[in-house]
Amino acid sequence: MARDLPPFRPITQAELRYIWAYHPECRRLVLEVERYRRVIAQIDDLYKITHQSWRSNMGGNLTALHLLQQIMTEERERLPAKIDNADPAP
């Protein structure tokens with residue numbers, strides 16, 4: 001069984017840009033983080049479409065969609081703001 005991750009501060013876009021520019025050996029990792037964030041955004045969009053369709057056609061909430069919404073909300077709130085122009089700490 002997988003262990004829980006320890007609490008940590010999410011990496012900002014500025015920090016990812018810094019790593020990309022000054023640590024080219026870590027570029028694959030930066031791409032993985034960015035890909036993960038884009039996939040999460042796509043899942044969130046698909047959730048909204050599915051939820052609206054379910055409510056319009058069936059009425060009420062679907063429990064699995066409600067649980068997915070909770071997970072997506074927690075992740076969205078954990079991530080830093082989308083636009084982050086702060087300079088990264090070296």
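The values are calculated or read from the model by the stated rules, or taken from the named source; none is laboratory data. Remember, it's a predicted structure, so these values are computed and weren't measured experimentally. Counting neighbours? That spans all protein chains shown, and the Cβs are built from the backbone with ideal geometry, glycine included.
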- Message: Can you find, within segment 1-33, the residue that is nearest to R78 (Cα to Cα) among those that are assigned to a loop (DSSP other than H, G, I, E, B) and in contact (Cβ under 8 Å) with a residue 12 or more places away in the chain?
- Response: P10
- Filter result (at pLDDT below 95 and exposed (fewer than 10 other Cβ atoms within 10 Å of the Cβ)) within segment 6-37: P6, P7, F8, R9
- Query: Which ones in segment 56-90 are of a type in the set (D, E, K, R) and modelled with pLDDT under 85?
  - Reply: E75, R76, E77, R78, K82, D84, D87
- Note on the structure: Matching residues in segment 1-36 (in contact with a helix residue (DSSP H, G or I) (Cβ under 9 Å, 6 or more places away or on another chain) and within 22 Å of Q70 (Cβ to Cβ)) number 1
